[in-house]
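Before any comments, here is the structure.
The values are calculated or read from the model by the stated rules, or taken from the named source; none is laboratory data. Worth saying up front: this structure is predicted, and the values here are computed from it rather than measured. Here the Cβ positions follow ideal geometry from the backbone for every residue, glycine too, while neighbour counts run over all protein chains shown. To get the accessible areas, we keep the full protein, side chains included, count just its heavy atoms, and leave off ligands, DNA and RNA. Shrake-Rupley method; radii C 1.70, N 1.55, O 1.52, S 1.80 Å.
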Amino acid sequence: MTFKELSLTRFSARKFTPEAVSPADLNYIMDCVRLAPSACNRQPWLFLILSSEEAKERIRQCYARDWFATAPLYVLCMKSTAEGWVRPADNKSHADIDLGIAVEHLCLAAADRGLGSCWVCNYDPDAVARLFPRQGYEAVAIVPIGHIAPDCPHAEKHRKTPDSITETL
């Protein structure tokens with residue numbers, strides 16, 4: 001599969017089967033995540049793999065949606081609040097950007113294995129901080145991963161044309 005085919009295949013899956021994500025698939029996905037680039041190679045991230053029933057129940061309290069509860073596995077994606085590279089000109093931390101690159105590696109690697117995923121950012125951040133405290137880290141996204149249910153809603157992708165998002169100087 002080409003990168004473009006993979007990009008076209010990947011979508012925000014919002015319904016999963018109960019089948020577990022295999023250890024081999026999870027290892028592949030997380031190996032791809034660790035290869036993501038980051039500013040000055042700081043790798044300012046932490047990924048909590050939420051696979052136990054207790055951990056899944058806790059994360060479901062942070063985003064109470066029926067479809068979200070169908071996932072057999074979640075990855076809580078966290079950025080370091082101290083390790084990200086900071087641009088000297090304006091003190092902008094690139095930890096969010098670095099984590100975003102790594103999370104997209106996660107989603108594309110899942111798609112490469114025939115699995116579904118979905119970025120979730122509209123969760124209760126206070127609940128996540130309370131239920132999954134990690135000193136020096138802040139949650140940025142939750143990514144449910146699993147086998148896509150046959151009746152999973154799948155909207156057609158509508159994307160802007162290359163000409164509408166580029167400018168040649």
Using a Cα-Cα cut-off of under 22 Å, which lysines could be cross-linked to residue 160, ignoring same-chain neighbours fewer than 8 residues away?
4
Counting other Cβ atoms within 10 Å, which trypsin sites (Lys or Arg not before Pro) in the range 113-161 have at most 11 and lie in a DSSP loop?
157, 159, 160
Quantify, in whole percent, the carbon and sulfur part of the accessible surface of the chain (1.4 Å probe; protein heavy atoms only).
53 percent
With the charge dipole of the range 2-41 built from beta-carbon charges (+1 for Lys and Arg, -1 for Asp and Glu) about the Cα centre, the Cα from 30, 20, 7 projecting farthest to the positive end belongs to 7
Straight-line reach from residue 157: which aspartates and glutamates fall under 19 Å, measuring Cα to Cα and dropping same-chain residues less than 8 apart?
5, 104, 112
Excluding ligands, DNA and RNA, what is the solvent-accessible area per residue of the range 12-169 at a probe of 1.4 Å, expressed in Å²?
56 Å²
For the chain, Kirkwood radius (reciprocal of mean inverse C-alpha pair distance, Å):
17.0 Å
Dipole magnitude of the range 1-138 about its Cα centre, charges +1 at Lys/Arg Cβ and -1 at Asp/Glu Cβ only, in debye to the nearest 20?
140 debye
Kirkwood hydrodynamic radius for the range 27-83: how many Å is it when counted over pairs of different Cα atoms?
13.0 Å
